[in-house]
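Here is the structure we will look at, set down as C-alpha cells.
Derivation of every value follows stated rules applied to the coordinates shown; laboratory data play no part. Everything numeric here is computed off the predicted structure, so don't read it as measured data. Ideal geometry is used to build each Cβ from the backbone, glycine not excepted, and the neighbour counts take in all protein chains shown.
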Amino acid sequence: MASRNDGRELGMKKWLFRLVVVTAIGFFFAAPYITAQQMKLAAQDYNGEKLAKHVDFEALRKNLTQQVSAVALGDKSNSDNPLYALGSQVINATVKPLVDTYVTPEGVIELMTGAQPKLGKLPERQPEDREVQEIMHDVTLGYDDFNHFSISINNDGKEQVRLVLHRYGVRWKLAEIIF
C-alpha cells in the first residue's frame, strides 16, 4: 500500500512542479503588459510617484537628448564644418532644458498623452482632464525582442508616440520614448 501512496505523492509533486513552471513562464511573459497597465493607471491618477517606479530616468534622459539633438543637427555629414561644432554646442545648451522638463514623472505623463515635446513649462493638468483620462486609450502593445517591449500610442490610427520598456531582470521600465 505504501508504494501506491508514494506513486500518488510523486504524481502530485510532478503536477505541482508543472503548475509552478507554467505560472512562472506566464508571469514572465505577462510582466510588461502588467507594467503597461500600471503605468496607465498611475498616469490617469496623475500620480507621478507611482509612475516613477516604472521609469528609468537616466536612460530616458539619454534617449531623449540623443533624439532631440539628432533632429536639430540633421545631417551629420557636415561634421567637419566648424559651424557644425558651434551649432552642436548651441543645440546641446538648448536641448538640456527641454529634456530636463520632460524627464520628470509629470513630463512623462504629458508625453504619454501623445503630446510632442515643446520648450517651456509643462501644461497644468489635473487627473480629471480629458487628455489625462484618455492616456493610452488607443495603443498597440508587443514585444520588440526578448528585452524590449513597445507601447505604441496611436492617434487616428497612426502611431504618434512609442514608449519602449527595457527588461531589468524580471522588472520592466520605460527607458525610451520615440516620436
Item to complete: Mind scanning Lys62/Lys118; Lys53/Lys121; Lys40/Lys173; Lys53/Lys118; Lys53/Lys173 and naming the pairs with a C-alpha gap bigger than 19 Å?
Response: Lys53/Lys121; Lys53/Lys118
Discussion item. To make sure I understand, if each residue's beta carbon is the centre and we count other beta carbons within 10 Å, what order do Lys121, Lys40, Lys53, Lys14 fall in, fewest to most?
Written reply: Lys121, Lys14, Lys53, Lys40
Item to complete: Would you mind ranking Asp6, Asp100 by Cβ crowding within 10 Å, fewest neighbours first?
Response: Asp6, Asp100
Worksheet item: Modelled label-to-label distance, Val20 and Arg8, 7 Å Cα→beta-carbon offset: nm?
Response: 2.2 nm
Discussion item. Sort Leu165, Leu98 by Cβ crowding within 10 Å, fewest neighbours at the top.
Written reply: Leu98, Leu165
Discussion item. How far apart, in nanometres, would the label points at Arg130 and Thr104 be if each is projected 7 angstrom from Cα along the Cα-to-Cβ direction?
Written reply: 2.6 nm
